[in-house]
Structure formats: structure tokens, C-alpha cells
Amino acid sequence: MRWNNLAENPATTGEAALFGTDAVTTRTFDTPEFRGITFHEVRARSILNRVPGASRMPFEWTVNPYRGCTHACVYCFARKTHTYLDLDTGLDFDSQIIVKINAPELLRGQLASSRWQGAHIAMGTNVDCYQRAEGRYRLMPGIIAALRDRANPFSILTKGTLILRDLDLLVQAAEVTDVGISVSVGFTDQELWRTVEPGTPSPERRLDVVRTLTDHGIGCGVLMAPVVPFLGDSPDQLRATVRAIAVSGATSVTPLVLHLRPGAREWFMAWLAEHHPHLVRRYERLYAEGAYAPKWYQRRITRQVHELATEFGIGPSGPGVRRRVPMPAEPEPPGPTQLTLL
Ligand code: SF4
């Protein structure tokens, strides 16, 4: 693997290596939840990443303690970033996980720098910081504590129910700074969930997270992503999803249609050919122009979701959005890590 000459963000750190070869410790754990997964523990040299092209994003800085994601969503467009490590965008992305074990201490140090101006920091914008690995490595408590102690505003986007482990810390942070949490739930269809997001907690459990956070005074929005064409976009499916989101107490719902960038596209289309071969041609036509579904389709979904949100009493632009809930962004070739996820 290409561990050297990897800048976390070449735009801000030059060609400084992110990991030294000596610093990599590879581990496997023989427990059911980690079987087949290899962890590569590294000591990162920087943890605050400046977002290239931040003008298009609602945030400028990110923190990403992991690379790769055991949630293994077939459509994940962070997949592309694994190629910067000479790992593949398919099974390697799901099972070869890079862990920046010094992330909390590194962040605490960088936040204390006189050059740091206290800008908003988004997490979960590359890969999920509450994926299963976090249950073992417990990096997020130290990260949240560092942000709390500096009263530094931040946001987290996740599919991981593990975030509730850190509820007390989140509540403490919200008492001193702006904390925005968003949970990603694109659909509630069980069959679709099991096949396209095989490593994630169920949509119901994710919505339980929304409910619990809200009950504890932390407003939580839902990024309704991805809306999957022809598989999760029927009027009944959209209705069921928005209703469930509303019942959870979410402060907002923001729909986002599936996009298929290189790295994710090949993996998703192979999955589609296996599970829904009759849809392959329709997808090729819908995504004929590139990574995004046509504007007319995106507008239709957005309008339907907004109408349903109004009907069920939640807004598309509620407090969660105003609090800079992180949104997915494009990978930044040739850099290795920047913004990717849902
Ligand atoms: S979409 Fe998010 S949760 Fe799913 S694999 Fe990618 S980073 Fe992980």
C-alpha cells in the first residue's frame, strides 16, 4: 500500500506524508463483528482538513478519524478515495480500515494553536465516524471533548447508532457551542436496506437515534439520502420514509438523489446487475450524462419530499440545516481523503 507521500490535504499541507511506513500497525480481531476486517492503525500528522472549494460547501474544515467504512453502502462515493492508498473501491473499502489512532490528541493540539480561529468543523463528511470500528477504538469521545473544551462549533453526519454512546458529551458540547447532528436515512424499505447498506444499523434504529437526541435537547435533522431511483422512489416509499422521519422528531428533512461517481458507479452497477438486472438499462439511461440523475428527476423528488414534509409537519430547512448540517460533497482528486459521504 502506498502509505507514504500522502497528504491529508495537499492544498494545505503540501506533500507532507500523512503516514510513515513505520507507523502502520495492522490488526485483525477475531470477533463476529470484525471478522474479515483489517485495521491499519496509523499516527496521522494532521487531523484538521481544509475543504478544497469550500465556497460550495456549508463548512470549510473537516475531521476524519477513519478511512474506509464497514457500513459498506454499495453506493458510497467515498469509495474512490481508497484508491489513493492503492486499495480497491470495492471490498477493500469495506474491510481495510485506516484508523488515525492519535486523532483526539492531534485535534486538541491543533485547536490550541494560535492560528486556529475556531471555525465550524464537520465530521462524517468523508466516511462515517461512528462506523463499527469506533466501538473498539473510541476516538470520538476524545474528539468531542476537545471540541467542547474549546467551545468549537461542529457537526456530525452519521448512520451509526453508536453516536448515542457519546450522548453526554454531545449534550455538554451543545451547552457551550453550536452542535449540529444529522442522521442519514434515505428510505425505510427493509429489503433495500439489507442489500444496499448491509453493514449499517436499520433505518428504524437510526431514527431512534434522532428521537433520543431530540429528547435530550439536541436538534437532529435527517439527510434523506440517497433516494434510490426505481427502488426507493415510489410515492408510497417516499411517503412512508418522510412519515417515519417526522415521527422521529427530526427538525428537518433534506432529500438527496443517488449519485454515481467513478469508484461508486462500477460497484453499484455490479450490485444492480446481480440484484435487479431488469433495471440496468434504465439506470444507464438515467445516468447517461454522468454522475447525477437529470435535473428534472432531482426536482421531482425534492418537490415530493418537501410536500410530504409539509404535510407531516417538518420543514426542509429547519434548525438542522441552519446549523450547517454536513452535506455530501465530491471527492477531490488527486487528494486522498476529502469530502465524500452521505
Ligand atoms: S455512505 Fe457513509 S455509512 Fe455508508 S459506507 Fe459510505 S461512509 Fe460509510
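Where a number appears in this text, it was derived from the coordinates with a stated rule and is not lab data. These figures come from a predicted structure and were not determined experimentally. Because the Cβ atoms are built from the backbone with ideal geometry, glycine has one as well, and the counts that use them run over all protein chains shown.
Mind checking which aspartates and glutamates have their C-alpha under 12 Å from residue 100, skipping anything on the same chain fewer than 8 residues away?
Within the straight-line cut-off, residue 100 pairs with 8, 41, 134.
Each residue of segment 101-113 in turn: what ³J(HN,Hα) in whole Hz from Karplus with 6.51, -1.76, 1.60 and θ = phi - 60°, glycine and Pro shown as x?
Per-residue couplings from phi come out as 5, 9, 4, x, 5, 5, 5, 4, x, 6, 5, 7, 5 Hz.
Looking at the square roots a ≥ b ≥ c of the eigenvalues of the Cα gyration tensor of segment 10-322, which shape do they give, rounded for a/c under 1.5, prolate if a/b is larger than b/c, or oblate?
oblate
Is the shape of segment 161-261 best called rounded, prolate or oblate, per the rule: a/c under 1.5 gives rounded, else a/b larger than b/c gives prolate, else oblate, with a ≥ b ≥ c the square roots of the Cα gyration tensor eigenvalues? Let's see the in-between values first.
Details: a/c = 2.11, a/b = 1.94, b/c = 1.09.
Note, shape of segment 161-261 comes out prolate.
Could you let me know the centre-to-centre spacing of segment 75-93 and segment 266-308, using Cα atoms, in angstrom?
21 Å
Highest mean first, how do 254-265, 59-70, 299-310 rank when packing is the count of other Cβ atoms within 10 Å averaged over residues?
Details: 254-265: 21.5, 59-70: 24.7, 299-310: 16.8.
With the highest mean Cβ count within 10 Å placed first, the list reads 59-70, 254-265, 299-310.
For residue 220, what residues show an amide H to amide H distance below 5 Å, using hydrogens built from the backbone and excluding near sequence neighbours?
Answer set, sorted by chain and number: 251.
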